[in-house]
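Novice: This is the structure I want to talk about, given as structure tokens.
Bear in mind these aren't lab numbers, they're just calculated from the coordinates by the rules spelled out. What you see is a predicted model, and the numbers here were worked out from it, not measured in a lab. Cβ: placed from backbone, ideal geometry, glycine included. Neighbour counts: every protein chain shown.
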């Protein structure tokens, strides 16, 4: 496993019982990570993001296809491990800090 964020993210996922996909350790992780909650349990998305624009593209093109909850959020969270902030993902692709 490479990089500071790879270690931080892996430790967080192990502590919170979040599934880590096999592809996660293949390259160095960036500070923006996505956790999906639409499966059997929470699962880390193998790709992490450095730029918020790239994260936004992923959210709009992939996550916004999921069924939104009554509050307009979709079953995913974004964690910024650099700023230590958590966001819920809205069905329009927006992020709201928790």
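Novice: Nearest 0.05, what FRET efficiency do residue 16 and residue 56 give at R0 = 35 Å with Cβ-Cβ as r? Intermediate values should be presented prior to the final figure.
Specialist: On the way: r = 24 Å, r/R0 = 0.69.
Efficiency for this residue pair is about 0.90.
Novice: On a C-alpha basis, how far is the centre of the stretch 1-55 from the centre of the stretch 77-95 in Å? Whole number, if you could?
Specialist: 13 Å
Novice: Is it possible to state the helix-based mean residue ellipticity at 222 nm for the chain, with each DSSP H run of 4+ residues giving -39500 (n - 2.57), the sum divided by total residues, to the nearest 500 deg cm²/dmol? What is it?
Specialist: Roughly -7000 deg cm²/dmol at 222 nm, from the helical runs in the chain.
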